[in-house]
Amino acid sequence: MQQELDYRVNSEQRERLHVNILFVFDDVIGDIKANESNSRQTKLILNRRHLVHNGTISLCIVTQKYTLIPSRLRSNANWLILFKLNPIDFDNVYSDSITLSKQNWRELLEIVFGKNLDAIDSDSSAGEDEKEEKEEKKEEEKDKGSRRKAKEERKQLTGQVQEVLARSKRRHDMLGVWIESNTFFKNFRRVTAKKQHR
């Protein structure tokens, strides 16, 4: 790609040219994994910052199974946006990218996804809307006093991870991890955590 760009523009034009490119690979992780040894693909994924002069190439890889992403790609990720995963995949994310203590990681997952993470099955989307509606109705049936008490107990339980979002009717279902700055987001709002390494 760099050689083609060099060929088409002279050095003065190249200095003025600023190119930002975003590739979105949606549900093609099998193809990426099958072509792991392809030098062009490797260059695109691992050396993308150096492929264009005066610009950047960014990649967004969308997959339903975290562990299908080759480990070389996972280790080069700057951002992770996670929806409910099975417990094994949450553990793999922790091993690959998280510097919090294991306890703080579990507490953060409970804040974002709710309790009973061990009960999450691989196909958590099946019947999820019905489950959420039932849970919301149950919560609405509780009186306000018990909800306040439960919320206070939950804040005490989380200890070092403080919740910054007010409780809403809808369950939170997305955890963003900005790996480079050890920053966490719940539905794109920042969640603060004390820096405590494992």
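Just so you know, all these numbers are worked out from the coordinates, no wet-lab data involved. On a predicted model such as this, the values are computed, not experimentally measured, just so you know. Please note: Cβ atoms are built from the backbone with ideal geometry, for glycine as well, and neighbour counts cover all protein chains shown.
Each of Arg106, Arg190, Arg40 was scored by other Cβ atoms within 10 Å of its Cβ. Arranged with the fewest first, they read Arg40, Arg190, Arg106. By the beta-carbon count within 10 Å of each Cβ, the least crowded to most crowded order of Arg189, Arg74, fewest first, is Arg189, Arg74.
Set the bar at 27 Å for Cα to Cα. Now go through Lys102/Lys186; Lys43/Lys186; Lys65/Lys102; Lys65/Lys115; Lys43/Lys65 and name every pair that lies beyond it.
Numbers: Lys102/Lys186 18 Å; Lys43/Lys186 32 Å; Lys65/Lys102 22 Å; Lys65/Lys115 21 Å; Lys43/Lys65 23 Å.
Over 27 Å Cα-Cα: Lys43/Lys186.
Protection proxy ranking, highest mean first, for peptides 53-59, 84-90: 84-90, 53-59, where packing is the per-residue count of other beta-carbon atoms within 10 Å, averaged.
Listed from fewest to most Cβ neighbours within 10 Å, the set Lys43, Lys115 follows the order Lys115, Lys43.
Peptide packing: for 62-70, 92-100, the average count of neighbouring Cβ atoms within 10 Å per residue gives the ranking 92-100, 62-70, highest mean first.
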